[in-house]
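Only one structure is covered here, and it is reproduced in the block below.
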Ligand SMILES: Cc1cc2nc3c(=O)[nH]c(=O)nc-3n(C[C@H](O)[C@H](O)[C@H](O)COP(=O)(O)OP(=O)(O)OC[C@H]3O[C@@H](n4cnc5c(N)ncnc54)[C@H](O)[C@@H]3O)c2cc1C
């Protein structure tokens, strides 16, 4: 379980305390506020705070005094227009603050998204928990033969069992040594800031992460993509589900134009035009490299 009973009680208390407000409220997001969404074996995502809703995007786009437009259809239409035309600043008017618990190797990928404010749990100040990411059996796969940056076939039973044993043993051993090093019983005890260097990358860390909707969309587009590593993708998927409830119009437009849509190169557009005119175009006559051609054909399921 990612939370102790005391932490659960704290969250329950937060959810019992409500106040009237003049600020925009997204009903869908209120349902998520403070609650823990479990991810991987010990991780989670929880929304600590948010600002704005779909109408805040419209309001900013129109620089209006009150609600954005007069009808719900107009709001949705304007949001789709903004996304379609890469008019991004209105989406920066919505903000989200998250509390995330994640393995260190996932955090290293996540932190590359620089357009956010982050405050991480201090392992200089506090003692890290004995919590390590141990993948589910079905997540253990061999190196991909086609993608250097990915995994391929699932490991066979014997190999998977061996890997899981090693992961558990190593985690137990390194944490035992970590505890022994910081212990002050019968010794001075090594500083926490040094003892932590012994811990492997699957140890869990936590942070508060605040960003705006535009940058969150960028994060989700890159990290919920099939090319992203499974262990960060599952976090991006949870965030996607939260955003869908928070700003349903913006999410729909984002799914349609960014996640589900695609952009073509000028050569790609030219090949399509030639094909629509009945010409048989091959990689050799397309002007594209082999890699470009493979990806282009992949889009149409060829
Ligand atoms: C599948 C995948 C594989 C990857 N593999 C690798 C890898 O092998 N090695 C590696 O190092 N990284 C890798 N990355 C990380 C990737 O290169 C980006 O650093 C990461 O996705 C963050 O994206 P971002 O810069 O758009 O996000 P953010 O940092 O949030 O930036 C958002 C946008 O702000 C602008 N911006 C922010 N800072 C600057 C700046 N200093 N200068 C100019 N513009 C800026 C850019 O337009 C940027 O797109 C990988 C990412 C993915 C999704």
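Dividing the mean sequence gap of close Cα pairs (under 8 Å, 6+ apart) by how many residues segment 134-201 holds gives a relative contact order of 23 percent. Distance between the pseudo-spin-label points of residue 30 and residue 272 (7 Å out from Cα toward the beta carbon): 4.3 nm. Between residue 85 and residue 99, the distance separating the two model label sites (each 7 Å from Cα on the Cα→Cβ line) works out to 4.2 nm. Backbone N atoms of segment 125-158 closer than 20 Å to the 7 Å Cα→Cβ label point of residue 173 belong to residues 130-135. Altogether, the Stokes-Einstein calculation at 4 °C and 1.567 mPa s, with the Kirkwood radius of segment 134-201 over Cα pairs as Rh, returns a diffusion coefficient of 90 µm²/s. Per-residue extension of 0.36 nm, minus the Cα-Cα distance of residue 117 and residue 198, leaves a gain of 26.4 nm for this segment.
Approximating the spin labels as points 7 Å out from Cα along Cα→Cβ, the residue 64-to-residue 149 distance works out to 4.1 nm. Who wins for biggest fluctuation among 169, 270, 131 in a Gaussian network model of the chain, springs between alpha carbons below 10 Å? Comparing 169, 270, 131 in a Gaussian network model of the chain, the most mobile one is 270.
The residue 229 and residue 127 beta-carbon pair, evaluated with R₀ = 22 Å, returns a calculated FRET efficiency of approximately 0.20. Take the Cβ atoms of residue 136 and residue 284, set R0 to 45 Å, and the FRET efficiency comes out at 0.50. Taking every alpha-carbon pair under 8 Å whose residues sit at least 6 apart, the chain reaches a relative contact order of 22 percent. Taking a ≥ b ≥ c as the square roots of the eigenvalues of the Cα gyration tensor, an a/c ratio of 1.5 or more together with a/b no larger than b/c marks the chain as oblate. Ordered by the number of other Cβ atoms lying within 10 Å of each residue's own Cβ, fewest first, 273, 101 fall into the sequence 273, 101. In this structure, residue 300 and residue 265 have a Cβ-Cβ separation that, at R0 = 22 Å, corresponds to a calculated FRET efficiency of about 0.90.
Each value in this text was obtained by applying a stated rule to the coordinates, not by laboratory testing. None of the values given here were measured: they were computed from a predicted structure. Quick reminder, even Gly has a Cβ in these numbers, built from the backbone with ideal geometry, and neighbours come from all protein chains shown.
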